[in-house]
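Rule-based calculations on the coordinates, nothing more; no lab input. Small disclaimer: the values here were computed from a predicted structure and weren't measured. Counting neighbours? That spans all protein chains shown, and the Cβs are built from the backbone with ideal geometry, glycine included.
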Amino acid sequence: MPLAVKGARIFAGHGQTLRCLNADDGTEIWSKDTGGHLYAAPAAVGDRVYAGSLNSKLTMYCLNAVDGKELWTHCTLEGGYAEPIVAGRRLFIGYHTKFYCLKTGANGPASWPMSGGNPSHSGCND
C-alpha cells in the first residue's frame, strides 16, 4: 500500500481508492475513488495531496488534503504510472516520454537564493 504522511494524516492508496486516515487512531477522514489503480505513493505538501492513477491512461490528481475535494486533474495521452516527488516548492512527475514540474502552492522564502548572485536577479520570488 503506497502511502505518505503529513502531520497527523496518512494518505494511503489501495486499489483505486486514495484514503486520508487519522494518524492517531486510523479512522478514515475522507476517501477518493480515482477510477484507476494507484501504484505509486502519493505526495503531500501544504494543504494538497497529489496522486497518479492508472486506468488506460495516467491521470494525475491534486486534492485538498483537508477534505479530499478535487482541485484539478491532468490526464496523459499514454498509459503508465508515476510517483510524484516533492522538492522545495515543486512537484516533479516523470513517466515514459514526459516530465512535469508543477508549483505546489506552498509558501516559500521572501527571496529565491541564487548561487553567486543577487536574489533579485531572478525576477521572481517563486
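Details
- Count Lys and Arg as plus one, Asp and Glu as minus one, and take only other residues whose Cβ is under 12 Å from that of VAL45; the net charge is then +4.
- Under Karplus coefficients 6.51, -1.76 and 1.60, residue-wise ³J(HN,Hα) of the range 51-67 in Hz, glycine/proline x: 8, x, 10, 10, 10, 8, 9, 8, 10, 8, 10, 10, 10, 5, 5, 6, 10
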